[in-house]
Amino acid sequence: MGVKKYKLDHGIVRRSGTAHYLILFALFVAEIFILKSHSISSKEILMSVTPLASAESSSVQSEPVLNEYNGDILFMGDSMFARSVGTQIEKGADPYEFVSDILDQASLTVANIETTIANPELSKQQTKTYTFNSPLSSLSLISRYIDVAATANNHTGDYGSSATADMIEQLASRGIKQTGLGNNRSEAFTPLIVDVPLKSSDGNLQNVKVGFLAVNDIELSFTKVGDNKAGDAYFDKELIANSIRSAREKGAEFVVVIPHWGIEYQTSPSARQKEWGRIFIDSGADAVVGGHPHVIQPTETYNGKPIVYSMGNFIFDGMSGDARIGQIISLPLKLSTESKPGKTTIRNLTSDTPQSIRISIDDRGFPHPL
């Protein structure tokens, strides 16, 4: 018979016939013995691996989920719907027709409604140089294009407190949110809190709460709210600070003060504007967006927060020169969220530098984008 060779760990063993089967069996038994002597079972091996797998799984589950949502609030300047503008509205004209595409893209729109809008039967014209009482039909346009009406200004008292009270009711009956007017002091200084929808890159929406407070510093003898007299909120450090604090307590993540201030047709802010702009920020406001001068004034940053001194006109007839150039202010908002299973979601709402969208006003008093 031929000779067969079998390799082992430490050399070559020659065997013949059936003897080699005995060798193989012996090797098998020896390996079983070695495994048992080391006391390593398949169950133990599995157990030793499982904690590692669990740790990896736990690590994946505990990774925070980060999201970002963006949007903007558009602010419009002095908007007046009386005189020839009102006549055109009564005939079916739409002063917003040339800027509607811009407004429709905003997360929220805010405008200074610089006029009384009240039932003529309740209106008593005051003795002053300019008085505006716009037709009730203008409310349909405001309802369509404007989410928040800033109503603290020197023309919402042009036809007496009864007309002011009626204007408050007219706005409310059409679902138009407003800030600045009240039937008493408490109402006028109550901040308006609005849910503003921001959008992520994949189209998901997340609301943020923004507080608004409009206040007036012009012709207070006609407009100032009283304990039992309808009128405007006005410049008062304590009342304004309390209103901003109240907005925070009601959940506002961002607060905007909208002052009616300054000197007409002056392209630079007055010392009083600069003083009060800082007071508003120091009192807790995140942004200040003002109007009244009928022309554009600069925007500055104070303690990292913007102060827009004047937007200029938006819808206004009878203007010329610089007063026929205005701006829509776009205030960008960004919400960053971080969430983990079983934990409260962390929210951080910030604003970037306001952007100016310039407009020109035609002979009818209607705005056009430049």
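Return the sequence-ordered ³J(HN,Hα) values of segment 288-305 in whole Hz as given by the Karplus equation 6.51 cos²θ - 1.76 cosθ + 1.60 applied to θ = phi - 60°, using x for Gly and Pro.
10, 10, x, x, 2, x, 6, 9, 6, 10, x, 10, 10, 10, 10, 6, x, 10
Please list, in chain and number order, the residues 5+ apart from Lys229 or on another chain whose amide H is under 5 Å from its amide H, with Hs placed from the backbone.
Those lying under 5 Å, H to H, from Lys229 are Arg185.
What is the spread of the Cα atoms of segment 67-369 along each of their three principal axes, largest first, in whole Å?
Here the Cα extents, ordered largest to smallest, are 62, 41, 39 Å.
With a cut-off of 8 Å between alpha carbons and a minimum separation of six or more residues, what is the relative contact order of segment 67-369 in percent?
20 percent
In terms of modelled amide H atoms, which long-range or inter-chain residues lie less than 5 Å from the amide H of Ala214?
Under 5 Å from the amide H of Ala214 lie the amide H atoms of Gly180, Ile258, each far enough along the sequence or on another chain.
At a 10 Å Cβ-Cβ cut-off, how would you order Tyr130, Tyr309, Tyr96, fewest neighbours first? Let's see the in-between values first.
Working: Tyr130 12, Tyr309 26, Tyr96 22.
If I rank by nearby Cβ atoms, fewest first, I get Tyr130, Tyr96, Tyr309.
At a 10 Å Cβ-Cβ cut-off, how would you order Ser107, Ser221, Ser339, Ser243, fewest neighbours first?
Ordered from fewest to most neighbouring Cβ atoms within 10 Å, Ser107, Ser221, Ser339, Ser243 come out as Ser221, Ser339, Ser107, Ser243.
So what are the ³J(HN,Hα) numbers for segment 333-342, from phi and the Karplus equation (6.51, -1.76, 1.60; θ = phi - 60°), rounded to whole Hz, Gly and Pro as x?
Here the 3J(HN,Hα) series is 10, 10, 10, 10, 10, 9, 10, 10, x, x Hz.
Which entries in Lys224/Lys274; Lys305/Lys334; Lys124/Lys274; Lys91/Lys128; Lys224/Lys334 show an alpha-carbon gap greater than 26 Å? Don't jump to the answer; show the numbers that get you there.
Values: Lys224/Lys274 22 Å; Lys305/Lys334 15 Å; Lys124/Lys274 35 Å; Lys91/Lys128 28 Å; Lys224/Lys334 36 Å.
Violating the 26 Å limit, Cα to Cα: Lys124/Lys274; Lys91/Lys128; Lys224/Lys334.
Using a Förster radius of 35 Å, what is the FRET efficiency between Arg364 and Glu238 based on their Cβ-Cβ separation? Nearest 0.05, please.
0.20
Quick one: Karplus J couplings for segment 102-111, per residue in order, coefficients 6.51, -1.76, 1.60, θ = phi - 60°, nearest Hz, x for Gly and Pro?
For segment 102-111, the Karplus curve yields 5, 5, 5, 8, 7, 6, 7, 10, 10, 9 Hz.
Roughly how many Å is it from the Cα centre of segment 97-125 to that of segment 269-333, as a whole number?
Cα centres, segment 97-125 to segment 269-333: 18 Å.
How do Tyr234, Tyr159, Tyr302 line up, fewest other C-beta atoms within 10 Å first?
Sorted ascending by nearby Cβ count, the order is Tyr302, Tyr234, Tyr159.
A short reminder: the numbers here are calculations on the coordinates, not readings from a lab. It should be emphasised that the depicted structure is a prediction, and the values quoted were computed from it without experimental measurement. So basically every Cβ, Gly included, is an ideal-geometry build from the backbone, and we count neighbours across all protein chains shown.
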